[in-house]
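Presented below is the structure to which this report refers.
The values are calculated or read from the model by the stated rules, or taken from the named source; none is laboratory data. The shown structure was predicted, so the numbers you read here are calculated from the model rather than taken from an experiment. As a convention, Cβ positions derive from the backbone with ideal geometry for all residues, glycine included, and neighbour counts pool all protein chains shown.
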């Protein structure tokens, strides 16, 4: 929940900043969005180097032993999966569409939906956070929150696109 809660906090702080300084929030969000995945990349590499937030037990040949794992079993290096897919991969997508602006907020919405899809998939090999467990014995809390983000991002994208179409008419 730390990423999802942090995202809500950053959005609220950005809304306050934009309101106070009379800056269009959607322009601001589109401006800073491409940098988010790169920051995420370095954070996950740090998690890997610290041996924390490791993945589920695996028999895959690239499984690793993590010193902080109390069971001392081979585990997915999920931090590296996240660094690549939630970081470098998403940065590449956002950078490649940076000059395409279908509507104000497009890049921000694209990031929210894309990040959530990637995170949902990686959660299958990531060890669930202790204490949060899983929901309905199938989805982890991260997957549940990712589904909520996909729905919110898609909803905002549809609203902003419709507003943009009305303005163009």
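In table form, for the structure just shown:
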{"item": "Selection within region 94-115 - without any contact (Cβ under 8 Å) to a residue 40 or more places away in the chain and out of contact with any helix residue (DSSP H, G or I) (no Cβ under 6 Å at 6 or more places or on another chain)", "result": "96, 97, 99, 100"}
{"item": "Unique residue being more than 21 Å from residue 32 (Cα to Cα), over 11 Å from the mean Cα position of the chain (by Cα), assigned to a helix (DSSP H, G or I) and at pLDDT 95 or above when the list is 165, 151", "result": "151"}
{"item": "Residue pairs meeting the criteria (Cβ under 6 Å; at least 6 apart or on separate chains; first within 15 Å of residue 70 (Cα to Cα), in region 39-54; second buried (at least 19 other Cβ atoms within 10 Å of the Cβ))", "result": "51/66; 53/79; 54/66; 54/75"}
{"item": "Checklist (1) within 25 Å of residue 47 (Cα to Cα); (2) surrounded by fewer than 19 Cβ atoms within 10 Å (Cβ to Cβ); (3) at pLDDT below 95; (4) in contact with a helix residue (DSSP H, G or I) (Cβ under 7 Å, 6 or more places away or on another chain) applied to residue 126, failing item", "result": "(2)"}
{"item": "Among the candidates 105, 51, residue that is surrounded by fewer than 19 Cβ atoms within 10 Å (Cβ to Cβ), at pLDDT below 95 and at positive phi", "result": "51"}
{"item": "Out of 45, 112, 88, sole residue that is at pLDDT 95 or above, surrounded by fewer than 19 Cβ atoms within 10 Å (Cβ to Cβ), under 13 Å from the mean Cα position of the chain (by Cα) and not in a strand (DSSP E or B)", "result": "88"}
{"item": "Selection count, region 5-42, where residues are over 14 Å from residue 91 (Cα atoms) and part of a helix (DSSP H, G or I)", "result": "21"}
